[in-house]
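Encoded as structure tokens, the structure appears first; notes follow it.
Just so it is clear, none of the values below were taken in a lab; they were calculated from the coordinates. Here the structure is a predicted model, which means the values were calculated and not measured. No Cβ is skipped: glycine too gets one built from the backbone with ideal geometry, and neighbour counts run over all protein chains shown.
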Amino acid sequence: MSFVTFGELMLRLTPALHAEKLQTTKGFDVNFAGSESNVASALAVLNNQVSFVTKLPDHAIGDNAIQSLKKYGINTNAILRGPGRIGTYFIEIGASIRPSSVIYDRKHAVFSEIGSNEFDWATIFKGKKYLFVSGITAALSNQCAQELVKCVQEAKKQGIVVAFDMNYRRKLWAKASDAQIVFDEVLSMTDILFGNTGALNDVHGIQPKAKDSLQATLEVIEIAKQKFGIENYAFTIRDHISASTNELQAVFSSPVGEVISNKYTVGILDRFGTGDAFAAGCLHGLGKGWDAQQVIEFGTAAFALKHTIYGDQHTSTEAEIQSIVNGQTSGHVLR
């Protein structure tokens, strides 16, 4: 199946010693990542045709970033280059009772300063089936917010299925009401909404009455259906035991009803990119025409499995993810 994702690709810097604090580290592991590129790489590993659209600096770091995409088989032909800097983020991996944290350094990056009419969306979308975008792009600048809306508008014009992950990042917005203005415009054109109860509460003030995580998720999806008119929802459920252990589940809601995934308890090596792995898993299943239960089981297994992999990218194959769906979660050595 053919996909397009659009967003910023950043330089990811993580202390070389796992779970070391940023204030004491002497060295960093270097990678490139971003929500939309994470979805692109996970889809490409699952043997889908994927084009990633962004803008990068026209220097050696930008070259390195593009090579990081190509190694997964991602089509980079629509990536623009220009003078400027690449957005950067620093990750501190948490452990036990200490949470993970992120420091962003992405203001005035070349992507955030894109101009109007730089991307030829009509050509980019030719022959494509799905578009994946997230709310992060809208937070980066007014230009990015406008381009996000323009991108989605052109996708709808061409009959492409639009998947939107709300991905609300508090550190990137001055106030939630600013996000709501842009999100509402994108939501009006969305076919599949990815998210969770926290994002709906943060941006739209939707607060469930239920205390149980699953029941709360089902409740907010029903409210969202009435509010947005979107037919398809894929929502994750995360119960925090600690920074090292989480319980995970998910719900897929469509016009034919709701289906609920199996629940997983996972030990966490790196939780960044896990929601992107979930989105890619669900989109992969939808692209293959699987039924709703198969889609949510595969997406949730990908979501869980990504917690065991360092870095933002989910590199598990379809067979590896399917083995988790089939209950092979004991961690026994494969010989």
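A few remarks follow.
- Computed E for Asn262/Asp105 - FRET, C-beta separation, R0 56 angstrom, nearest 0.05: 0.90
- Value of Rg to Rh for segment 96-245 (Rh from inverse mean 1/r over Cα pairs, i.e. Kirkwood): 0.99
- Checked against a 22 Å cut-off, the cross-linked pairs Lys55/Lys128; Lys126/Lys150; Lys171/Lys211; Lys128/Lys150; Lys71/Lys306 give Cα-Cα distances beyond that limit for Lys171/Lys211.
- Per-residue Cβ neighbour rank within 10 angstrom, fewest leading, Ser37, Ser323: Ser323, Ser37
- Working note: Karplus 6.51/-1.76/1.60 with θ = phi - 60° gives segment 305-313 the couplings 5, 4, 4, 9, 10, 5, x, 7, 7 Hz, where Gly and Pro are set to x.
- Residue-wise HN-Hα coupling along segment 250-258, computed from phi with Karplus coefficients 6.51, -1.76, 1.60 (Hz; x: Gly, Pro): 7, 10, 10, 10, 9, x, 8, x, 10
- Residues of segment 50-73 with amide N under 11 Å of the 7 Å Cα→Cβ point at Thr88: none
- The residues Trp173, Trp290, Trp121, when put in order of fewest to most other Cβ atoms within 10 Å, stand as Trp290, Trp173, Trp121.
- Using all pairs of distinct alpha-carbon atoms, the Kirkwood hydrodynamic radius of the chain works out to 20.0 angstrom.
- Calculated mean residue ellipticity, 222 nm, the chain: -11000 deg cm²/dmol, from DSSP H runs (n ≥ 4) at -39500 (n - 2.57) each, averaged per residue and rounded to 500.
- Å³ per residue enclosed by the Cα convex hull of segment 96-152: 117 Å³
- Low-density loop positions, trypsin sites (Lys or Arg not before Pro), segment 188-246 - DSSP coil, at most 12 other Cβ in 10 Å: Lys209, Lys211
- Euclidean distance between Cα centres, segment 102-161 to segment 237-287, Å: 25 Å
- Seen from all directions on average, segment 49-106 presents a Cα convex hull projection of 5.3 nm².
- Size descriptor, Kirkwood hydrodynamic radius, that averages inverse alpha-carbon separations across segment 181-220, Å: 11.0 Å
- Once C-alpha pairs closer than 8 Å and six or more residues apart are averaged by separation and normalised to the residue number of segment 109-243, the relative contact order reads 20 percent.
- Cut-off 16 Å, label 7 Å out along Cα→Cβ of Lys150, residues of segment 33-65 by amide N: 53-56
- Given charges at beta-carbon only (K, R positive; D, E negative), |dipole| of segment 2-325 in Debye: 420 debye
- Residue order, fewest to most surrounding Cβ atoms within 10 angstrom, among Val45, Val30: Val30, Val45
- Based on C-alpha pairs under 8 angstrom that are at least 6 apart in sequence, segment 2-325 has a relative contact order of 15 percent.
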